[in-house]
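Asker: Let me give you the structure first, and then I'll get to my questions.
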Amino acid sequence: NGAICIQPCSPSFHGETSFVCKDRKWKMFTDACASLDVQSLFQPVLGKPGDGAKYFGADDHENSNCQADFSCIIPDILSSPAIPGNIADIVELLKKISLLLSENVNRGKMQSYSRIANHILNSSIVSNWAFVRDRNAGSTLLDSVNAFAAKLLLRNGSESIQEHFISTKGYSIHKNTSGKSFDFSMEFNSTSNITGHLVIPEEELVKLPKTSKVISIAFPTLGAIIETSRLDPGFVNGMVLSVSLPEELRHILLIFEKVNKAENVEAQCVGWHSTERRWDTRACTMKLDNTSSVVCICKHHRRTYKSFSILMSPTVLRNAVLDYITRIGLGLSIFSLALCLTIEAVVWQHVTKTEITYMRHFCLVNIATSLLIADVLFVLAAIVHNTALNYRLCVAATFFLHFFYLALFFWMFTLGLLILYGLLLVFFKITRPVFIATAFSIGYGCPLVISILTVAITEPKNGYLRSGACWLNWYETKALLAFIVPALSIIVVNVVVVGVVVAKTGRSSVGEGCKSRDLSNMIRISKNVALLTPLLGLTWGFGLATIVDSHSLPFHITFALLNAFQGFFILLFGTLLDRKTREALRENCLSSKRKCSLAK
């Protein structure tokens, strides 16, 4: 389709080099590698396989021009459609150029490089980037342009190279220079322009020991391009400004014009973390925010922060009532679960005398433990997110949160299976070691497998985390389905189990000795499942509703209430309302009083 492609030369050739082939039909050309040298690197080859090295341009003068600024490949690139496959190839081409031909970058080379980059930065083809296979292509382009432009040689102390969608400026500076500024006004789309300003304060310039150069590059559309493949909290609301500074200079002042100038739009100053490939709020602080522009103070670092912009914060439903419900509810939930586990420890010997009751309380303890750890992790995840700590900490918090919430449901599922075992497999007795091994495999093994697969599949594409929170992504990768589908499936299964219990008890007579006692135990367990399953189902049903209608305050409040009080429900319906547990607790208290009296 006329795209430019790169072929690596034979390893036997001395020196790192490549050659450009004009047509994809040229699949094999390794025989010519030995005869190519680095000077002929960007001489496109024409003809058919076997024709030998025919170069674009018949005379030596034109060849020398191509060697100097690789302008000979530009007509073919600009005539090729900017479809996803070609975009990927051109990004790779620009990366190769920045790695192999970044010495002595003069004006001609920078102009050619800018024209190639401009072709895939055009505002009319931004949507095509969403279909580029490499999700980090936008980040790769940014790094390549920054690396190449940093080597630009300045004529007479300054340089300016302007294209529609990429602009490069460079100046020589020294400690006696008054505050230096770079001013950009560029086309954002066919109807409007946006501006950006970069200022190096005088207090920074005095740190320079000698005359140095500063290069700045402006990208009006690159933020939108990165947004098509990245999952960041908010979208870019201004141009991206990159800067190459001497090591002595660390802080710069940036002024961004907003693309969306709505009054209720909040802005965030951010720097592009080139190692973690994401926008990072730690790189900048906001100095001023008004309806039309934002002033940021950012720290420059050669290895991490070289590019900066502003994000428009996502729509987050903030309400004081929600905050109070969540805090009070989580506190009550954690206290209730701790109390539940304490009661279980106290009455354990009294309530686990039969196999069925042992299995029931074993499941209940693991349900309470899973939710207790999940609630604590929920609090820690909020702290990690709010204090803008390391991205990997947020991933870790989300992984364990996902795991323990799933464990809660899979232990509920184990409880449902226990009911079916007691009712349907009357003559098949399972030993405690076998039960424990099976229960742990279901209760913790299944959630572990699902959690690992989810993070392994979505995190390499930066699609694991939700925008603006340490929780599973929904809008881009639907990673949240790895929680919703198992949870709701288990709820449906347990509802069916309760139905089986109702049908079974309806046909059973009440005075059948040992079988009657087992049936009585099954009915007690079924009551727990019958009460807890709808509550859990209702909770996460409203959780789904908040995703469908994220602006509905009633949905959010109801979900927050049910979610925060799950621990209290487990204490109430799993422990306090159980007759055998209450009797064991009363007996334990009386026994303690008798011991106290005897001691006196």
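Asker: Got a sec to turn the phi values of region 348-363 into Karplus ³J(HN,Hα) couplings, 6.51 cos²θ - 1.76 cosθ + 1.60 with θ = phi - 60°, whole Hz, x for Gly and Pro?
Answerer: Taking θ as phi minus 60°, the curve returns 3, 5, 7, 9, 10, 6, 9, 4, 5, 5, 4, 5, 5, 6, 4, 5 Hz for region 348-363.
Asker: Quote the relative contact order of region 113-226 in percent (integer), defining contacts as alpha-carbon pairs under 8 Å separated by 6+ residues.
Answerer: Relative CO of region 113-226 lands at 32 percent.
Asker: Set the Förster radius R0 to 45 Å, insert the Cβ-Cβ distance between S178 and A130 as r into 1/(1 + (r/R0)^6), and round the FRET efficiency to 0.05. Let's see the in-between values first.
Answerer: On the way: r = 44 Å, r/R0 = 0.98.
With R0 = 45 Å, the Cβ-Cβ based efficiency is 0.55.
Asker: Oh, and also: Taking θ as phi - 60°, what are the ³J(HN,Hα) couplings along region 294-304 by the Karplus curve (6.51, -1.76, 1.60), each to the nearest whole Hz, with x for Gly and Pro?
Answerer: 9, 10, 10, 10, 10, 9, 9, 9, 4, 8, 10
Asker: Which entries of K353/K593; K96/K213; K353/K429; K175/K210; K95/K306 have Cα-Cα distances beyond 19 Å here?
Answerer: Violating the 19 Å limit, Cα to Cα: K353/K593; K96/K213.
Asker: Still on this structure, please answer the following. Can you give the accessible area of E103, probe radius 1.4 Å, in Å² rounded to 10?
Answerer: For E103, solvent-accessible area is about 140 Å².
Asker: Under 5 Å between amide H atoms, partner at least 5 residues away or on a different chain: which partners does E266 have, H built in plane at 1.01 Å?
Answerer: S313
Asker: Now a separate question. Stretched out fully, how many nm does the piece from R282 to I442 gain, at 0.36 nm a residue minus the Cα gap?
Answerer: Net length gain for the segment: 53.5 nm.
Asker: Can you sort L337, L544, L453 by solvent-accessible area, 1.4 Å probe, largest first?
Answerer: L453, L544, L337
Asker: For region 84-316, just say rounded, prolate or oblate: build the C-alpha gyration tensor, square-root its eigenvalues into a ≥ b ≥ c, call rounded for a/c under 1.5, and beyond that prolate if a/b exceeds b/c, oblate if not.
Answerer: Taking the square roots of the gyration eigenvalues as a ≥ b ≥ c, region 84-316 is oblate.
Asker: Given H placed 1.01 Å from N in the peptide plane, which residues other than close sequence neighbours of G238 have an amide H under 5 Å from its amide H?
Answerer: For G238, whose amide H was placed from the backbone, the distant partners under 5 Å are V259, I310.
Asker: So what is the relative contact order of region 84-316, in percent, for Cα pairs below 8 Å that sit 6 or more residues apart?
Answerer: 17 percent.
Asker: Oh, and also: Quick one: compute the contact order of region 87-180, relative version, from alpha carbon pairs under 8 angstrom and 6+ residues apart, as a percent.
Answerer: 38 percent
Asker: What shape does region 101-214 have by the C-alpha gyration tensor, where a ≥ b ≥ c are the square roots of the eigenvalues, rounded means a/c under 1.5, and otherwise prolate means a/b greater than b/c and oblate the rest?
Answerer: Here region 101-214 falls in the prolate category.
The values are calculated or read from the model by the stated rules, or taken from the named source; none is laboratory data. A quick note: this is a predicted structure, and the numbers were derived from the prediction, not measured. Don't worry about glycine lacking a Cβ; one is built from the backbone with ideal geometry, like all the others, and counts go over all protein chains shown. For the accessible areas, the whole protein counts, side chains as well, though only heavy atoms, and no ligand, DNA or RNA atoms are used. Shrake-Rupley method; radii C 1.70, N 1.55, O 1.52, S 1.80 Å.
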